[in-house]
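Novice: Have a look at the structure that comes next, please.
No lab work stands behind these numbers, since they all come straight from the coordinates. Everything numeric here is computed off the predicted structure, so don't read it as measured data. Virtual Cβ from ideal backbone geometry, glycine too; neighbours counted across all protein chains shown.
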Amino acid sequence: MKDNASSVVLFCIIRRINPETSEIEYLLMLKGRNDPCFPATKFRPDEDLYTALGRIITSDLELEGHSFFPETELPMLKNRTMSRSYPGLEKDYYLYPVEISFTKKGLETLESNKSFFWYTLDEIPRKTNEPNILAIVRNLQDIISNDIKPGNQVILGPVKKEPTMDALANMWAKQNNEGVRKLEKKTVTEILCSGNRAFNLRVADPYLAYQRQGLGFTWSFFTPKDKQDIHLHGEPAVEIYGVMEGQFVLWHKPMYERGALVWKKEILNAGDWIEVEALNCHFGYWLTKEGYGTVLKAAGTGELAGVGRIGVSGKTTCKECPVEKQCQKHPEMLQAMKEYQKAFGERDWDLIR
């Protein structure tokens, strides 16, 4: 097969915390070379990330295919070298490092394999002279240095001991990428347990790889870990809550009604649903430590995305509400909100009066 004008080589960045030294270590292996290397493979034409990774996981690392999860795609590095097929002709190689997480069983299998090496970033240059590996190490050191600077966007972040919410959701989306997608209860609970926010499948403004755009509606799942606030939706949006497990409370009132006692409380148990029309203020929270529910928000026309003014954004909180100063909360609702605030560790919540 002839060389293309440029090639992309995938490198797996696999990290662990050494239980004895607490240092962060990286997995390297020998593969047809004398110097240790990050697990790697060359992308084939039109090949996606999951397929390329599958070769490394099942062949080189000798793991089951469902044990790995791509996490962060790190910046690619360009390397110019000589073509093997055409002596004297230069060829561009792009080094494509991707952070990979594993199931607990998968990581334990890797750690028990004596043919793999675990080195810190400082140790790797002393163990290998492979130029591509050294280039990636320097890049990782720069990324880690920038991650810890205040105000910078975190790229790599802490070692992921288990797959993150995004990685699990992305894997589900990859395995269900046709016009009909099945979402099993086991998958929903695994994804929700791995994160601390809602699992949004359909949104008006997709911002994550696994999300699809909802034209006229949004759809998500949430748990007690997903922070709630007092808000309303403008015309013509309708929001529907369904409780799958646990017990959930929803306080609500029409925006134009005044008086603390006009707020009403509804308690929802597993299997219950509640529909909230546009311009109805509402605040929900869980009475149980565990639980999960689903939310649907629909509008034939109008805005569904964003937080801000009524008629401009899909969601309006008390902070942006024009009648907020004419709106007091029910005494029981105030107490519940204070406890909710304490549970989320917030010092000053402007919704509490």
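Novice: Dipole size in debye (nearest 20) for the chain around its Cα centre, Lys and Arg Cβ +1, Asp and Glu Cβ -1? Don't skip to the end; give the middle numbers.
Specialist: Working: 46 positive and 48 negative charges, 30 e Å.
In debye, rounded to 20, the chain gives about 140.
Novice: Going highest first, how would you order 241-250, 107-116, 208-217 by mean Cβ packing within 10 Å? Kindly include the intermediate steps, with their values, before the conclusion.
Specialist: Details: 241-250: 18.8, 107-116: 13.6, 208-217: 15.3.
Descending mean neighbour count gives 241-250, 208-217, 107-116.
Novice: Take each of the peptides 331-339, 93-101, 195-203, average the number of other beta-carbon atoms within 10 Å over its residues, and list them starting from the highest. Please report the intermediate quantities before stating the final value.
Specialist: Values: 331-339: 14.8, 93-101: 20.7, 195-203: 18.8.
Sorting 331-339, 93-101, 195-203 by mean packing, highest first, produces 93-101, 195-203, 331-339.
Novice: A further question follows. When we measure straight from the Cα of residue 264, which lysines land under 29 angstrom away, once same-chain ones fewer than 8 places off are left out?
Specialist: Correct list for residue 264: 225, 227, 253, 289, 297, 315, 319, 325, 329, 338, 342.
Novice: Let me ask another. Extending each Cα 7 Å along its Cβ direction at residue 177 and residue 62, get the distance between those two points in nm, one decimal.
Specialist: My value for the distance between the label points is 3.0 nm.
Novice: Return the calculated 222 nm mean residue ellipticity for the chain, to the nearest 500 deg cm²/dmol, obtained by summing -39500 (n - 2.57) across DSSP H runs with n ≥ 4 and dividing by the residue count. Could the numbers behind the result be given before it?
Specialist: Working: 7 runs with 70 residues, N = 353.
It comes out at -6000 deg cm²/dmol, rounded to the nearest 500.
Novice: Further, regarding this structure: Answer with one residue from 216, 200, 165: the one whose Cα lies farthest towards the positive end of the charge dipole of the range 159-268, charges on Cβ with Lys, Arg +1 and Asp, Glu -1.
Specialist: 165
Novice: At a threshold of 8 angstrom on Cα-Cα distance, excluding pairs fewer than six apart, so keeping six or more, what relative contact order does the range 225-346 reach in percent? The partial results should precede the final answer.
Specialist: Working: 238 pairs, mean separation 40.9, N = 122.
Across the range 225-346, relative contact order equals 34 percent.
Novice: How long is the gain from residue 229 to residue 48 if the chain were fully straight, where each residue apart is worth 0.36 nm and the alpha carbon distance is subtracted?
Specialist: On the way: separation 181, 0.36 × 181 = 65.16 nm, distance 3.92 nm.
Roughly 61.2 nm would be gained on extension.
Novice: In whole angstrom, and with the biggest value first, how far do the Cα coordinates of the range 6-147 range along each principal axis?
Specialist: Largest to smallest, the principal-axis extents are 49, 31, 31 Å.
Novice: What distance in nm separates the simple spin-label points at residue 103 and residue 141, each placed 7 Å from Cα in the Cβ direction?
Specialist: The modelled label-to-label distance comes out at 3.7 nm.
Novice: Please give the length that would be gained between residue 189 and residue 7 if that part of the chain were fully extended, namely 0.36 nm times their separation in residues minus their C-alpha to C-alpha distance (nm, one decimal). Write down the numbers at each step before the final one.
Specialist: Numbers: separation 182, 0.36 × 182 = 65.52 nm, distance 3.93 nm.
Between residue 189 and residue 7, full extension yields an extra 61.6 nm.
Novice: What is the spin-label model distance, in nm, from residue 134 to residue 288 if the labels are put 7 Å beyond Cα along the C-beta direction?
Specialist: 5.9 nm
Novice: What relative contact order, as a whole-number percentage, does the chain give when Cα pairs under 8 Å and 6 or more residues apart are counted? Each step should come with its number before you reach the end.
Specialist: Values: 643 pairs, mean separation 43.6, N = 353.
Relative contact order comes out at 12 percent.
Novice: Could you tell me what a quarter of the Cα convex hull surface of the range 211-353 works out to, in nm² with one decimal place? Write down the numbers at each step before the final one.
Specialist: Numbers: hull surface 33.3 nm².
Computed as one quarter of the Cα hull surface, the answer is 8.3 nm².
Novice: Which three extents, in whole angstrom, do the alpha-carbon atoms of the chain cover along their principal axes, largest first?
Specialist: 81, 46, 37
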